[in-house]
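The values are calculated or read from the model by the stated rules, or taken from the named source; none is laboratory data. Predicted model, so just to flag it, every value in this text is computed and none were measured. A quick note on method: Cβ atoms are made from the backbone with ideal geometry, for glycine too, and the neighbour counts reach across all protein chains shown. Only protein heavy atoms, including side chains, enter the accessible area calculation; ligands, DNA and RNA are left aside. Shrake-Rupley method; radii C 1.70, N 1.55, O 1.52, S 1.80 Å.
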Amino acid sequence: MCGISFYCIQNKHQQSALEESLLNIQHRGPDASGTFFTTLGDYHVGLGHNRLSIIDLSPAGTQPMHALEGKLSISYNGEIYNFKQLRRDLEKQGVCFQTNTDTEVILQMYACHGTAAFSQLRGMYAFVLLDMRTQQLFVVRDMVGIKPIYLYETEQGLFGSSEIKGLKPFSDIDLKIDRSDIFEFFTHGFLYEPNTGYQGVKKLMPGHMLTFDLRKKQQSISPYAALDHYQNPKPLETKIQEAVKRQTVSDVPLGTFFSGGVDSSLLAEATSDPELFFARYESDPVSDIDLQYSQKIATHLGKQLKVADLSSEDKSREALLASVDFVTLYSEELISDYTFWSTYQLSKAARDSGYRVMLSGMGGDEAFAGYPRYLVLKYHGVLRKLRFILKFLLKNKLFPRSLDKKFERLVSYSYEKNWYLAYSRMLGYFSRQELDHLFHDAEELEEVMCHKLKQIPGSAVKNTKDKIKVAQWMDAKGFLSHNLLVSDKASMLASIELRVPLLDEAVIADGYQMPSRQLLKGNQPKHPLKSLLRRILPKELVERPKTGFNPPLDGLIHRLGSEELKKQLKHTHQLIDTSIVESMIDDHFSGKSNHTYKLWQLLYFCRWVKMQEIAV
């Protein structure tokens, strides 16, 4: 796992800027760094690379790497899990290799098959490949979008990096906040790809390649394969086992993050690693139950549970704000997810224990409809008819206290006529009325956002009346994308490579193509994966509630206090109307309403604007 930066521009080389870019993302690859510069026609090209050595630890794996006597060059971030099979196939064709790396396999695959090679790669990756023979530059991102690549286009050409901070040193780049993205952020709590919160900075979409023809001075972006390309008739259990086997290939120590849930339990059973990492926050009844079940599951599987205590001894406001600033600075995009802090702490604990690669069960909920909200979607029509009753229950607080942060969203969902907006209400924390207060031009911004949302599923969903399938494809470019961003940046910040076997192309293709009735059979979310787990664990260890990877935001907001929050949130007035914020804080601390998530999102945004040091 590594970090890459590059440019392809007409005016002049920016060698020192590329080197500074690599310094900005050095945490992604602390083992080695390299650059390559050349000129093709009117274009100056610079490729940069920071290396985290995982496969072939020798200097032979240093990048940028070259092939065909220097005619092909690549800077690559990621892992190709089927590289050994691809290498054997190439060797049968007479191809000779100089290293044992997957990087060289990509180069030789392209040398033999051209861009058709990209659909044969299985893994997580983002790379830039320069072909001097055809004077073309290709930027390619993996099918699921596990690895990011940020692009910035100017009249002079193209810049790219694994992180946004890698773009900042280039003189042509002027980062400014995108106000439409701010509205989308407050609607969902994250941004759908390719948006980032900055004008001009976009991510290359998953499963796509950018082709830059330097002779014609033209760029184009196109998919190199569809997800159904990776389907095969093997049983789901076999696909998961094969994915784990491929993804446990490493020349450095490898471990497993464990939560005691369905997904991580399937991985724990499939891997030979004897130690499982469990994250524990401040002790409370819910997290204590998760720990007890995790210990029982680990014992049943013959594994040792290693508990990483993520509770902080420093409860001061200064320490809390420092952790918030850490999240805003390193998440870079508009994405109010405090699990970034926890993921980093857990990754650092794994690194300190000697591991450099960790497996995660991420992706199972999106691929196999594991979130409770998918059950809500199943009864979309019924909820629409019951919306008046639901609103009455909300107004009079006649619902379980455990749903105090979710019931309001359920009511908002039931009232929206536009389904895409309805789904947004379920994901986000702010109601339509609150958004109208925050943005004086909310109606216009909403119209722009709705147009974007409707385009996301595209032709992938055959039956748009099946809201579960539509939501799965929406989540692939939104909720899953934001989770992957958090995991990638937080783990790489600790120089840990995070692998996600349940997002193997063949595994996730199964989930996305599987009928909704199978995914939610018996009104049970994630039924296919739970069925597999029942073959492994006793019923009492499978059929039980799980809290998920949720940090203690209630405690954070409570410890900051109302006065500190009012002080912090008054600084956002240039971008949003904060007139309702003070009453929201008062309602929260008086116990009238639980606005934890809303206040967290406002706090994140305020600190994000400050920490990113960007123009308003």
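Checked against (1) outside any helix (DSSP H, G or I); (2) over 24 Å from the mean Cα position of the chain (by Cα); (3) hydrophobic (A, V, I, L, M, F, W, C), residue 435 passes all but a single condition, namely (1). Among the candidates 351, 401, 409, the residue that is free of Cβ contacts under 8 Å to residues at least 24 places away in the same chain and open to solvent by 70 Å² or more (accessible area, probe 1.4 Å) is uniquely 401.
May I ask you to verify whether residue 99 is assigned to a loop (DSSP other than H, G, I, E, B), of a type outside the set (A, V, I, L, M, F, W, C) and open to solvent by less than 20 Å² (accessible area, probe 1.4 Å)? Against the criterion (assigned to a loop (DSSP other than H, G, I, E, B), of a type outside the set (A, V, I, L, M, F, W, C) and open to solvent by less than 20 Å² (accessible area, probe 1.4 Å)), residue 99 qualifies.
Take the conditions under 14 Å from residue 184 (Cα atoms), of a type outside the set (Gly, Ala, Ser) and either open to solvent by 80 Å² or more (accessible area, probe 1.4 Å) or free of Cβ contacts under 8 Å to residues at least 24 places away in the same chain (or both) and apply them to residue 447. Does it pass?
Against the criterion (under 14 Å from residue 184 (Cα atoms), of a type outside the set (Gly, Ala, Ser) and either open to solvent by 80 Å² or more (accessible area, probe 1.4 Å) or free of Cβ contacts under 8 Å to residues at least 24 places away in the same chain (or both)), residue 447 qualifies.
A quick yes/no check of all residues on (1) touching a Phe, Trp or Tyr at 6+ places or on another chain (Cβ under 8 Å); (2) surrounded by fewer than 23 Cβ atoms within 10 Å (Cβ to Cβ):
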position	(1), (2)
40	no, yes
62	no, yes
75	yes, no
78	yes, no
84	no, yes
119	yes, yes
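Here residue 68 meets each of (1) free of Cβ contacts under 8 Å to residues at least 40 places away in the same chain; (2) in contact with a helix residue (DSSP H, G or I) (Cβ under 9 Å, 6 or more places away or on another chain); (3) open to solvent by 10 Å² or more (accessible area, probe 1.4 Å) with one exception, condition (1).
Looking only at residues of the stretch 561-609 that are more than 27 Å from the chain's Cα centre (by Cα) and of a type in the set (Ser, Thr, Tyr), we find that the one that is farthest from residue 332 (Cα to Cα) is 590.
Does residue 362 qualify as being open to solvent by 20 Å² or more (accessible area, probe 1.4 Å), outside any helix (DSSP H, G or I) and in contact with a Leu (Cβ under 9 Å, 6 or more places away or on another chain)?
In short, yes.
For the stretch 164-182, the criterion of being open to solvent by less than 10 Å² (accessible area, probe 1.4 Å), touching a residue at least 24 places away in the same chain (Cβ under 8 Å), more than 22 Å from residue 50 (Cβ to Cβ) and not small (Gly, Ala, Ser) is satisfied by at least one residue.
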